[in-house]
Each structure stands twice: as C-alpha cells, then as structure tokens.
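Colleague: Let me give you the structure first, and then I'll get to my questions.
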Amino acid sequence: FSSSRILMDLITLIIALSLYQVVRPGSLLQRDDWLYRADERLSAVLDNSLLRAGALLLLILLLLGWTLAELEGWWFGLVPITVAVAMLVWALGHDDYHTELERQLAAKEDNPTATETTNSSATGQQKSSLWMREEDTFAPDAAALSREHNSLNRRVLYAGYARWFPPVLYFLLFGPAMAVGYRAVSLLAAKEADRSETVYNNILFYFDWLPVRAVAATCALVGDFTAVFRANVGELLLSTKGAPEILEIVANASVDQVNLKTQSELLYRCSGLWLLLIVLILVLS
C-alpha cells in the first residue's frame, strides 16, 4: 500500500467511526430499503436462491468498487473519502445496540429471574440476525430460564460483535465495498427466516469465519488468557462451529462472571485494542 492510501484509510476510518456515534438507525446513512427491493427484484428473475444471492452480492461489490475507482483523485481525494465514509457508516451495525443493551441490563436488575422481551428502537429497521426475538418471554421453570438466559447472552454478544468488528476488518483488508457486502449479507440473513431460506445465513457463516476468530484471539488478550487457553481455544478456532458459539465459549472463558455486563465490557475492551493496533499498523506502515 502507498503512504497516501494508508493515510486515506486512516482518515476514512476515524471519520466513519466518529460519525457512527451520532448517526441514528434508520437515518439517511443507514437506510436499507434499497437492499430489500433489489433482493425482491432479483427473486422475481432468478429462482435459484444461491444464484440470486451471488448475483446481488457481486453487483454490489462491482458497482461500489467501480464508483470508488472513478472518483479517485477528485477534489484532492476528498470526494472518494466522503463516499468511502458513507459506505463504511452504512456497513456498521444498523441497531441501536447501546440502548438495547441498557434496556436488557436494566430489566435484569429489576427482575433478575426474567428474560425481558425488547423490540428494536429503530422503527422499521431489520433486527440483527441474533438480536432480540419475540420468543424471549418469561421462562416457566429453572431449566428453561437457564436456556433462555444463555440464548439471550449469545445473541447480544453476537450482535455486539457483528455491528463493528467484521465491517472494520473487511474495510482494512479489502476496502469499503467489502464492508458493505458483509452488512448486506447480514441484513438479508436476518430477513431469511420469513422465507424459510438459509442461503444468506450460509454465506454469512463464511463471512464471519475470519473476523470471529480475530475477535476470539483478542478476547484472550484482554480477558483471562489462561482460562481461554484451558478452553482449548486452538481446537475451537479450527472447528466448524458458527460465530455465535465461538464467541460464547471464548467470552465465557475470558470473564470472571458470565453475564451481559461483563460480556459487553469485554467487547468494548476488544474494540479499544483493535483501534490501538489499527492506528499503530497504519502509522508504522
């Protein structure tokens, strides 16, 4: 990479992550209705779900890649940076994760024996593939309560991971178009349950393969490294388990007390370490 490209990536990342803190779900920079319309139109043309998903993803990557290539150098690089920032902000999570997490934590404090149902505060927005579900109701007995508690923790943990880590990693490795591709697959995977399909969830499994392992390694560094090592994390990272299962196992081993608060704090520490490493690598490159 050239020094100018590294500088542009660093500027883009800083602006996008700063802007993401104030952008609300459903705002102009996170509208996703165009994605669902495109998927529906392709569904009317292509019967094969895998072919449709591949065509849509390829179309998004080619169109965005061509756009950035055509805009390169415009206004001393300000135009492509602006476009790349907008793409990266869209690629970051579309849920109001912090608000939803605070609601869950408050519900746990008010009623530690119940699992509260929470709807996304982003009106009209698709929920993350493993975020709150309507079946999260009060458990009838202790065993069911334990299962619901573990299921909720897993979904919240995955939602916290998916909103930030994969888009940032794919942006750094392949550019903003690939980050958008990840978010597109994630959003469509969340919608697949309505159509009893699994193609986008299968694609998401492979999109998550590298990021979830990078995050798992980071959890070991910022958490209890010895406990993670004892959990056979090496075999876990080479297994065919999905991202939610890997995150849950590693996160549970990395914290002293397994609950939503400690797991969310673990992810915050991971993101802080990632930012530090990203800045050091980009500056020293």
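Colleague: Out of all the residues in the stretch 239-256, which are surrounded by fewer than 18 Cβ atoms within 10 Å (Cβ to Cβ), in a helix (DSSP H, G or I) and β-branched (Val, Ile, Thr)?
Modeller: none
Colleague: Could you tell me which numbered condition Glu40 fails, if it satisfies all but one of (1) open to solvent by less than 60 Å² (accessible area, probe 1.4 Å); (2) assigned to a helix (DSSP H, G or I)?
Modeller: Status for Glu40: all satisfied but (1).
Colleague: So which helices (runs of 4 or more DSSP H) are wholly in the stretch 48-125 and hold at least 3 residues that are at pLDDT 85 or above?
Modeller: Because the criterion is at least 3 residues that are at pLDDT 85 or above, the helices (runs of 4 or more DSSP H) in the stretch 48-125 that meet it are 49-71, 78-91.
Colleague: Pairs needed: first member in the stretch 199-218, without any contact (Cβ under 8 Å) to a residue 60 or more places away in the chain; second member anywhere, part of a helix (DSSP H, G or I) and surrounded by fewer than 17 Cβ atoms within 10 Å (Cβ to Cβ); C-beta distance under 7 Å; at least 6 residues apart or different chains.
Modeller: Between residues of the stretch 199-218 that are without any contact (Cβ under 8 Å) to a residue 60 or more places away in the chain and residues that are part of a helix (DSSP H, G or I) and surrounded by fewer than 17 Cβ atoms within 10 Å (Cβ to Cβ), the close pairs are Arg213/Leu237; Ala216/Leu237; Thr218/Leu273.
Colleague: Another question, then. Considering only the stretch 209-219, I want to know if a residue exists there that is more than 25 Å from Leu68 (Cα to Cα) and among the charged types (D, E, K, R).
Modeller: Among the residues of the stretch 209-219, at least one is more than 25 Å from Leu68 (Cα to Cα) and among the charged types (D, E, K, R), which makes the answer yes.
Colleague: Select from the stretch 239-258 the residues that are touching a residue at least 60 places away in the same chain (Cβ under 8 Å) and farther than 14 Å from Tyr158 by Cα and list them in ascending order.
Modeller: If the condition is that a residue be touching a residue at least 60 places away in the same chain (Cβ under 8 Å) and farther than 14 Å from Tyr158 by Cα, then Val258 is the only one that fits.
Colleague: Could you grab the pairs with beta carbons closer than 9 Å, sequence gap of 6+ or different chains, first residue in the stretch 32-52 and touching a residue at least 60 places away in the same chain (Cβ under 8 Å) and more than 14 Å from Thr198 (Cα to Cα), second one open to solvent by less than 40 Å² (accessible area, probe 1.4 Å) and not in a helix (DSSP H, G or I)?
Modeller: The qualifying pairs are Asp32/Gly26; Asp32/His94; Asp32/Gln125.
Colleague: Now, a different point. Inside the stretch 12-37, can you point out the residues that are open to solvent by 50 Å² or more (accessible area, probe 1.4 Å), within 14 Å of Ala86 (Cβ to Cβ) and assigned to a helix (DSSP H, G or I)?
Modeller: Ile15, Ser18, Leu19, Leu28, Leu29, Trp34
The values are calculated or read from the model by the stated rules, or taken from the named source; none is laboratory data. What you see is a predicted model, and the numbers here were worked out from it, not measured in a lab. A quick note on method: Cβ atoms are made from the backbone with ideal geometry, for glycine too, and the neighbour counts reach across all protein chains shown. Each accessible area value is taken on the protein alone, full model and side chains, heavy atoms only, with ligands, DNA and RNA left out. Shrake-Rupley method; radii C 1.70, N 1.55, O 1.52, S 1.80 Å.
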